[in-house]
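Asks: To start, I am sharing the structure in question, which I have written as structure tokens.
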Amino acid sequence: MNVLIKSATIVDPKSDFHNQTCDILIEKGIISQISEQIKNPDKVKEISLDNLHVSQGWFDSSVSFGEPGYEERETIANGLETAARSGFTDVAVNPNTNPVIDSYADISFLRGKAKGNAVNLYPIGALTKNSDGEDLAELFDMKNAGAIAFYDYQKPVRNPNLMKLALQYASNFGGLIYSFPQESKISGLGVMNENVMSTLLGLKGNPTIAEELQIVRDLFLLEYTGGKLHIPTISSAKSVELIRNAKAKKLDVSCSVAIHNLILTDDVLKTFDTRFKVAPPLRTQSDSDALIEGLKDGTIDMVTSDHNPIDIEHKKIEFDYAKYGTIGLESAFGALHTAFTMKKTIDLLTKGRERFGIESAPIGIGSEAKLTFFNPIENYQFDKEMILSTSKNAIFENYNLKGKVYGVFSNNQLVLN
């Protein structure tokens, strides 16, 4: 596909064209020219958009779709379309389907369903069989099928010996182990952050120490075994400190934070709206401030939308019984941009691939065109009409966000809103 992008400001510190406003000619999926002005004698398709900015394609390390088994929540096809229209060219997809993605065949199924799409789908295989926490799944086979990591989505590994074995075994082939940071015997039946607000609302609390104890355990195991550990969606100030200290000791650990845990606090639960029921729970302002600081100093490696579509039957019920989760792809850029500068926002959305062995290239002549198009200055209220997912459990619905996504060019395909 041949496309001429007109008057685009390039946002890519690794590119020789960073901060320059240029025309970009793409021929057969490859950037062939970048110049102040490029003529179009062959009349290729032109893209000319208001205040157009271009960056490397965005990456999300924790996305859930429903297929197979929960297609009423989200299909792979619609999920990838949503990702593209939200600015993402690469997504790591969790195994929380029915059946759970825990074998070579399952990984192959996901990759096959995503073949030919503008967005690259990178499967995360289950860490244990059926994600039940009892026996390790077929980690090496899934790695050979294309799994980039192993994770029982939002299910903590209760058995420390199992986590030890997982780290040791996966180190033989460079496998990356996720560990959800929650000690279930401490969190118990807690459905929100344990704090003054949980007492006022009469809801059972999930204290930050439940997260922090699990992180301490896993960091000790990592130090003992070696291997590679990723701690997804941390939520407390102490967690940031623990991981900062572990990195100072040169442990091979990375972590992420969900965008909603950066922006929102447990105060929003006053309405008992189940859109705000997420795992880990929304915490306090001091926790959010520490998470933001952790991103700024590099302790936290990446952000994620933690996109998790839930059907209405499991959300529009009493708070105690509602399922955890929110969709977040559509609002990721606009929400993140309310807390960070434009350049930092783009930095955060393009980071993280290297941890999973996913290659990327700066915007330059001869590079594959994997680009996201956006306008950083448009302000708007995120409403239902902007939700592209099949499920509508959007935590940022009715919030004022900043920055409009136009779409992507990836895998020689153009997707525009």
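Asks: Condition test on ILE186, is it part of a helix (DSSP H, G or I), open to solvent by 30 Å² or more (accessible area, probe 1.4 Å) and closer than 21 Å to ALA279 by Cα?
Replies: yes
Asks: Considering only residues that are of a type outside the set (Asp, Glu) and farther than 26 Å from ILE177 by Cα, which ones fall in segment 80-108?
Replies: Answer for segment 80-108, where residues must be of a type outside the set (Asp, Glu) and farther than 26 Å from ILE177 by Cα: THR82, ALA84, ARG85, SER86, GLY87.
Asks: Let me ask something additional. Only one residue in ALA8, ALA77 is under 30 Å from ILE177 (Cα atoms) and at pLDDT 95 or above. Which one?
Replies: ALA77
Asks: Consider segment 151-166. How many of its residues are charged (D, E, K, R), open to solvent by 70 Å² or more (accessible area, probe 1.4 Å) and out of contact with any strand residue (DSSP E or B) (no Cβ under 9 Å at 6 or more places or on another chain)?
Replies: Going through segment 151-166 one residue at a time, the tally reaches 1.
Asks: Among the residues of segment 274-306 satisfying the criterion of being of a type in the set (S, T, N, Q) and assigned to a loop (DSSP other than H, G, I, E, B), which is surrounded by the most Cβ atoms within 10 Å (Cβ to Cβ)? Please lay out each step first, then the result.
Replies: In the first step, residues of segment 274-306 are kept if they are of a type in the set (S, T, N, Q); the result is 274, 284-286, 288, 299, 304-305.
Within this subset, residues satisfying the condition of being assigned to a loop (DSSP other than H, G, I, E, B) are 284, 299, 305.
Values: THR284: 19, THR299: 23, SER305: 30.
Among those that are of a type in the set (S, T, N, Q) and assigned to a loop (DSSP other than H, G, I, E, B), it is SER305.
Let's see how each residue does on (1) in contact with a Gly (Cβ under 9 Å, 6 or more places away or on another chain); (2) crowded, with 19+ Cβ neighbours inside 10 Å:
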| residue | (1), (2) |
| --- | --- |
| LEU110 | yes, yes |
| PRO123 | yes, yes |
| THR128 | no, yes |
| GLU134 | no, no |
| PHE140 | yes, no |
| PHE173 | no, no |
| SER179 | no, yes |
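Asks: Report, by residue number, each residue of segment 167-207 that is out of contact with any strand residue (DSSP E or B) (no Cβ under 7 Å at 6 or more places or on another chain), under 17 Å from LEU269 (Cα atoms) and not aliphatic (A, V, I, L, M).
Replies: Those that are out of contact with any strand residue (DSSP E or B) (no Cβ under 7 Å at 6 or more places or on another chain), under 17 Å from LEU269 (Cα atoms) and not aliphatic (A, V, I, L, M): THR199, GLY202, LYS204, PRO207.
Asks: I would also like to ask the following. When segment 91-150 is examined, which residues are found to be part of a helix (DSSP H, G or I) and touching a strand residue (DSSP E or B) at 6+ places or on another chain (Cβ under 6 Å)?
Replies: ILE107, LEU110, ALA114, LEU139, MET142
Asks: Just give me the residues in segment 57-74 being among the small types (Gly, Ala, Ser), under 18 Å from VAL100 (Cα atoms) and part of a loop (DSSP other than H, G, I, E, B), in sequence order.
Replies: The answer is SER64, GLY66, GLY69.
Asks: Here's another thing I want to ask about it. What's the number of the condition ALA83 fails, among (1) surrounded by fewer than 20 Cβ atoms within 10 Å (Cβ to Cβ); (2) small (Gly, Ala, Ser); (3) part of a helix (DSSP H, G or I)?
Replies: (1)
Asks: Out of ILE263, ILE346, ILE317, which single residue is open to solvent by 10 Å² or more (accessible area, probe 1.4 Å), under 21 Å from TYR380 (Cα atoms) and either in contact with a Phe, Trp or Tyr (Cβ under 9 Å, 6 or more places away or on another chain) or among the β-branched types (Val, Ile, Thr) (or both)?
Replies: Within the list ILE263, ILE346, ILE317, the selection yields ILE263.
Asks: Name the pairs: first residue in segment 239-255 and under 20 Å from GLU354 (Cα atoms) and outside any helix (DSSP H, G or I), second residue open to solvent by 80 Å² or more (accessible area, probe 1.4 Å) and not small (Gly, Ala, Ser), Cβ to Cβ under 9 Å, at least 6 apart or on different chains?
Replies: Matching pairs, first to second residue: LEU251/GLU223.
The values are calculated or read from the model by the stated rules, or taken from the named source; none is laboratory data. Everything numeric in this text was worked out from a predicted model, so none of it was measured. When we count neighbours, we look across all protein chains shown, and the Cβ atoms used for this are built from the backbone with ideal geometry, even at glycine. The area values use the complete protein model at the heavy-atom level, side chains included, leaving out ligands, DNA and RNA. Shrake-Rupley method; radii C 1.70, N 1.55, O 1.52, S 1.80 Å.
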